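> Pasting a structure here, questions to come.
The values are calculated or read from the model by the stated rules, or taken from the named source; none is laboratory data. Quick caveat: nothing in here was measured; it's all calculated off a predicted structure. Cβ placement follows ideal geometry from the backbone for every residue including glycine, while neighbour counts extend to all protein chains displayed. Surface areas here come from the heavy atoms of the whole protein model, side chains and all, with no ligands, DNA or RNA. Shrake-Rupley method; radii C 1.70, N 1.55, O 1.52, S 1.80 Å.
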There are 2 protein chains.
Amino acid sequence: MSLLRPCLRNVSRVVTRRAYSTIDENRSYGLKQAVAKVISDPQTEYSNTQELNYLSSSVNTNEDFASLVRLAARQSGQVRFDGAQVGYASRKKPVRVAVTGAAGQISYSLLFRIASGEMLGEDQPVILHLLEQPEALKALEGVVMELEDCAFPLLRGVVQTSDLAEAFKSVKYALLVGAKPRTKGMERGDLLRDNAKIFSAQGKALNDHADKSCLTLVVGNPANTNALIAASNAPDLAPENFSAMTRLDHNRALSQLSAKLSIGVEEIKNMAIFGNHSATQYPDVSQTGLTLDDQWTKATFVPNVQNRGAEIIKFRGSSSAASAADSALKHMHDWALGSEEIVSMAIPSDGSYNVAKGLYVSYPVKCHGQGKYTVVDDWKLNDYAKQKIDLSIKELQDEKKAVGELLKSPIDKRQANKQSASDNKK
Amino acid sequence: MSLLRPCLRNVSRVVTRRAYSTIDENRSYGLKQAVAKVISDPQTEYSNTQELNYLSSSVNTNEDFASLVRLAARQSGQVRFDGAQVGYASRKKPVRVAVTGAAGQISYSLLFRIASGEMLGEDQPVILHLLEQPEALKALEGVVMELEDCAFPLLRGVVQTSDLAEAFKSVKYALLVGAKPRTKGMERGDLLRDNAKIFSAQGKALNDHADKSCLTLVVGNPANTNALIAASNAPDLAPENFSAMTRLDHNRALSQLSAKLSIGVEEIKNMAIFGNHSATQYPDVSQTGLTLDDQWTKATFVPNVQNRGAEIIKFRGSSSAASAADSALKHMHDWALGSEEIVSMAIPSDGSYNVAKGLYVSYPVKCHGQGKYTVVDDWKLNDYAKQKIDLSIKELQDEKKAVGELLKSPIDKRQANKQSASDNKK
């Protein structure tokens, strides 16, 4: 960091005390570097550093102050991308993040953005734990080579494995992306049971190997029931630390409303997805304060959101990947770091809105950071909404029935085999 | 924005004037929102706003100050993701960004990150201009649906087209990603000429329709020669506003060095790629100050960097996409917004390092923002490096010869046809 000193001194000679008010035009390197230094060393005591004296002595007016805040904000983006350039290396301890189905399409859109800092912040180094089937490990190696090739300063390590214990060892975040897709001629019950086996084994492994505060997001479908199964096989982890993703549905709904009303997505508040992440989900607009034609809402908006996934496949020839990855990123970001506004997450029901306790249901949620959230439970829903939500809950109950036995007796053949193998050795 | 007021008032009651020094633990919503407000309204006069008074009155010590700078930096990341939540809508005018080959694999990893603000900053709204072959427009529609589904606050519009004029109309940034790939049994000469036709037409269209300050990055291979062709068909645009991508090679080299020496990528400075973006490129480590075994550098490091693309294909079964997209993002980011450290970019030679003027050659470059850069032209290279670079330059001269006629007479059949069609009408 000694690089900074001469540069700062040079700048001190030419930048007056009012420099901040015109920093937008000046792009002074000295200022930027001083800000970068302060941002990049969050653990250090700054009271007497040259950089901080320099920064603070330059702030005389509110205008200066606003410029500085904006500069810091901009610089932060700069620091993320120019990590290698400005000598930025976060002193935070790396956290371990597991991603399953790591060689798949969603993960291909997801991993690079996690490594760039978009999920947990540009000051949080990560170690990726990537789980794949043995037959996909070679393709995964290619993905990891590409991750290395990006030279992300925040990426501090990668574990590639098809072993559940290794995949979840000490992880603080788990994104369960991989799932068995429905193939032609497959019954829905078979799909549910095949995935139930996968997610019961993963829940068990998370229980035994992950950090006890691990936040687990289920992306793989049927996501809600998979989350239920994983959580019920992880008795030592809090059920609230499991969730299923309905953020993509949430954002799809925002986008549809934005297009219909010609307003920015950021202007739409208090919209949420209720129920199952499936075609029975119910996107509720009753609290948005927007003026919408009821007929349009019922006959166009709701079905459009419910069936958007199938619509994408028609055009792309394959299912949503980049948008699913984007939603997973945002779900985890808000869950870990908090969000100001209401978002949609499928979480264990606390009985709100008359849903049987324990089912994983999408609700309007406020995230407070560090995995804490509260359900927004005081919306007055109309009868139409209630009826639609009941239908979706009914579907979740049917799914639960179909996988009933796996909720109690986790099946993990690999674990069982290992166990008996080590038993034999004794 | 009236939402902010009551919230701020509430917080004012509980947060003391020393709150900033413990903001890391407190995560005060009022502070965060005040910072968000200041960041998100860069055009507004703040001297007398409640938010700014609140912020500035709380800063008494350098410690407060450091906390605030860090808060602003963190909040900036927050704002990007929670745009919809904190009511953030940038007041900057949107800029138009063209991407060719928009339904391809690299673009699929690129577009979502441009729309999220990673390329031009989280305060810069964008309108995407997506160019594809007519037969790929349906698949492109699926990609655009997914972009919409992400509800990016910064994405202000999308143009989908197979018409060059529409694709480049008023764009300030162009990423030429699409190119004809080499197929089995194809001669290198044919590949060069087929792509030369594509890039001469695109250069002509950029000349006629893009913003006069448009920055154009060529990603599609053979990238250097494609850039030369595009630029030479755009007489009204500055040749310096065209470049070809060697940032992926640059980052691959950083990653190889990082792995070899067990040091962070951010610790490696003054490394650069010289020459052509091909297997003849030369990654020079002579200015890094690192202690490296010369034998390893020559026999392992250089060939590893040169042949990394082929190596990835062996594992992935397809060529690098996400890492290429990441490099395009970083190249454009630094070119547009500046970078502190030396990066690699293929730009028109100014004669530095004995390269014939005008060839598009990768050099060590310092970016000053807004498209300005300077070649770092004072490195003392050893004879081995010079010899390797000469080989790469020789290859570029051969490529130039192979496409010679297209450097002067742009071939754009669609434009030519249009012209004769409108001539007929007269």
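> Counting only residues that are part of a helix (DSSP H, G or I) and either within 13 Å of the chain's Cα centre (by Cα) or buried (at least 24 other Cβ atoms within 10 Å of the Cβ) (or both), how many does the range A:93-107 have?
Counting residues in the range A:93-107 that are part of a helix (DSSP H, G or I) and either within 13 Å of the chain's Cα centre (by Cα) or buried (at least 24 other Cβ atoms within 10 Å of the Cβ) (or both) gives 2.
> Hey, another quick one. Strands (runs of 3 or more DSSP E) wholly in the range B:241-307 with at least 1 residues that are in contact with a Phe, Trp or Tyr (Cβ under 7 Å, 6 or more places away or on another chain) and farther than 20 Å from B:SER320 by Cβ - which ones?
Counting at least 1 such residues, we get B:272-274, B:282-284.
> Continuing with the same structure: Just the residues that are within 7 Å of chain A (Cβ to nearest Cβ) and farther than 18 Å from A:PHE112 by Cα, please, taken from the range B:312-327.
The one that is within 7 Å of chain A (Cβ to nearest Cβ) and farther than 18 Å from A:PHE112 by Cα: B:GLY317.
> Those residues that are over 25 Å from B:ASN307 (Cβ atoms) and open to solvent by less than 10 Å² (accessible area, probe 1.4 Å), I need them from the range A:129-153; list them, please.
A:HIS129
> Residues to consider are A:PRO235, A:PRO303, A:PRO239; find the one that is at pLDDT 95 or above and touching a helix residue (DSSP H, G or I) at 6+ places or on another chain (Cβ under 6 Å).
It is A:PRO239.
> Here's a follow-up. In the range B:227-250, what residues are among the acidic types (Asp, Glu) and open to solvent by 10 Å² or more (accessible area, probe 1.4 Å)?
B:ASP236, B:GLU240, listed by residue number.
> Continuing with the same structure: In this structure, does A:ASN224 turn out to be open to solvent by less than 10 Å² (accessible area, probe 1.4 Å), within 24 Å of A:ASP194 (Cα to Cα), modelled with pLDDT of 95 or more and polar (S, T, N, Q)?
Yes; evaluated as a whole, the condition is true for this residue.
> Out of B:VAL265, B:VAL305, which single residue is crowded, with 17+ Cβ neighbours inside 10 Å and within 23 Å of B:TYR360 (Cα to Cα)?
Criteria check complete, one pass: B:VAL305.
> Failed condition for B:LYS330, given (1) in a helix (DSSP H, G or I); (2) over 18 Å from B:VAL177 (Cα atoms); (3) open to solvent by 10 Å² or more (accessible area, probe 1.4 Å); (4) at the interface with chain A (Cβ under 7 Å from one of its Cβ atoms), with all others met?
Unmet condition: (2).
Rundown of residues vs (1) at pLDDT 95 or above; (2) over 18 Å from B:THR280 (Cβ atoms), yes/no style:
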residue	(1), (2)
B:CYS367	yes, yes
B:THR374	yes, yes
B:LEU396	yes, no
B:LYS401	no, no
B:LYS408	no, yes
B:GLN419	no, yes
B:ASN424	no, yes
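> So B:ASP208 ticks every box in (1) assigned to a helix (DSSP H, G or I); (2) modelled with pLDDT of 95 or more; (3) closer than 24 Å to B:VAL365 by Cβ but one. Which box is left unticked?
Single failed check for B:ASP208: (3).
> Just give me the residues in the range A:182-222 being more than 16 Å from A:PRO235 (Cα to Cα) and charged (D, E, K, R), in sequence order.
A:ARG182, A:LYS184, A:GLU187, A:ARG188, A:ASP190, A:ARG193, A:ASP194, A:LYS197
> For B:ALA356, state whether it is out of contact with any Phe, Trp or Tyr (no Cβ under 9 Å at 6 or more places or on another chain), modelled with pLDDT of 95 or more and surrounded by fewer than 21 Cβ atoms within 10 Å (Cβ to Cβ).
So B:ALA356 fails the test.
> Just to be sure before I move on: is B:ILE342 among the β-branched types (Val, Ile, Thr), within 25 Å of the chain's Cα centre (by Cα), open to solvent by less than 60 Å² (accessible area, probe 1.4 Å) and within 11 Å of chain A (Cβ to nearest Cβ) in the structure I sent?
yes
> Follow-up. Residue check, B:GLU341 against (1) of a type outside the set (S, T, N, Q); (2) more than 24 Å from B:ILE229 (Cα to Cα); (3) free of Cβ contacts under 8 Å to residues at least 60 places away in the same chain; (4) not in a helix (DSSP H, G or I), all met but one. Which one?
Every condition holds for B:GLU341 apart from (3).
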